[in-house]
Amino acid sequence: SCHASTNTGGYDWGLPVRDLWSVTPRRGRHRLHSTYATVNLLVSALFAGATCEAYIRGLTNLSQGGIFLETGFGLAKLIAVQSVLEYYWHRVMHVPAVYKQLHKLHHHYNSPVVWDDLFIHPCEAFGYYVILYGTGVFVSATTISFLAYMALMGTCGVLDHCGILLTLKVPFSGGKSRSASHLYATNFHDAHHAKFNVNYAFPFPAMDVAHGTYFEETNKRGGKN
């Protein structure tokens, strides 16, 4: 594996397609990065289009309108379902045989940078897109809830791999060693890339806390960062 440079050229703008015909990978990129990232972008767009078409045809549980509370409740349901399914899907990706064939590619970068979330095997990406977009088909929510959910997942996916530190503190976390002191933290996923068998959840740590796979760096004074 390698430490990816933060100076990644066109990848900073999510344009891996520009390197498809390049003989030499750009600035520390894996040789398959541009190909797989481009495929995953296209497949994600197809999933988005299919979800829109399913909504137009009345094949989803999404509905228009809704009061503020209904929209908020729908968003919470979408996040909860995605969080549970993503956690177990990610754990499956770490089964040795599956990891070797699929997920190992994503761990090529010990210190991922912006848009590196796109560098996963297309078969793994397809499975996750089923989870990500499938919520809009099976979970009852408003269209605003679903759009907010997609915006949140996309933003967190980029932030988790961009190298900046952003944290949202949990009030009254109680200081327990197994409890999370952050509702969300960008370095949460960094620890997964560094230590491999912790912090499988996305984007929030609840499933890791529940399953005992939560890890949080401590500072020199013994407290949590």
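The values are calculated or read from the model by the stated rules, or taken from the named source; none is laboratory data. As the structure is a prediction and not an experimental result, all values here were calculated from the model. FYI the Cβ positions are ideal-geometry reconstructions off the backbone, even for glycines, and counts take in every protein chain you see. For accessibility, only protein heavy atoms count, side chains too; no ligands or nucleic acids. Shrake-Rupley method; radii C 1.70, N 1.55, O 1.52, S 1.80 Å.
Here is how the numbers come out for the structure above:
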| quantity | calculated |
| --- | --- |
| Residue 118, sole failed condition from (1) of a type in the set (A, V, I, L, M, F, W, C); (2) touching a residue at least 40 places away in the same chain (Cβ under 8 Å); (3) farther than 21 Å from residue 187 by Cβ; (4) touching a helix residue (DSSP H, G or I) at 6+ places or on another chain (Cβ under 6 Å) | (3) |
| Search result, residues across segment 163-180 that are surrounded by 11 or more Cβ atoms within 10 Å (Cβ to Cβ) and modelled with pLDDT under 75 | 163, 170, 173, 179, 180 |
| Unmet criterion (only one of (1) open to solvent by 40 Å² or more (accessible area, probe 1.4 Å); (2) modelled with pLDDT under 90; (3) not in a loop (DSSP other than H, G, I, E, B)) for residue 123 | (2) |
| Count - residues of segment 86-109 that are without any contact (Cβ under 8 Å) to a residue 60 or more places away in the chain and within 16 Å of residue 191 (Cβ to Cβ) | 1 |
| Only listed residue being farther than 28 Å from residue 200 by Cα, open to solvent by less than 30 Å² (accessible area, probe 1.4 Å) and either in contact (Cβ under 8 Å) with a residue 40 or more places away in the chain or in contact with a Ser or Thr (Cβ under 6 Å, 6 or more places away or on another chain) (or both), chosen from 71, 60 | 60 |
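Okay, residues lined up against (1) open to solvent by less than 40 Å² (accessible area, probe 1.4 Å); (2) in a loop (DSSP other than H, G, I, E, B); (3) modelled with pLDDT of 75 or more; (4) not hydroxyl-bearing (Ser, Thr, Tyr):
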residue	(1), (2), (3), (4)
5	no, yes, no, no
10	yes, no, no, yes
22	no, yes, no, no
26	no, yes, no, yes
30	yes, yes, yes, yes
35	no, no, yes, no
45	no, no, yes, yes
53	no, no, yes, yes
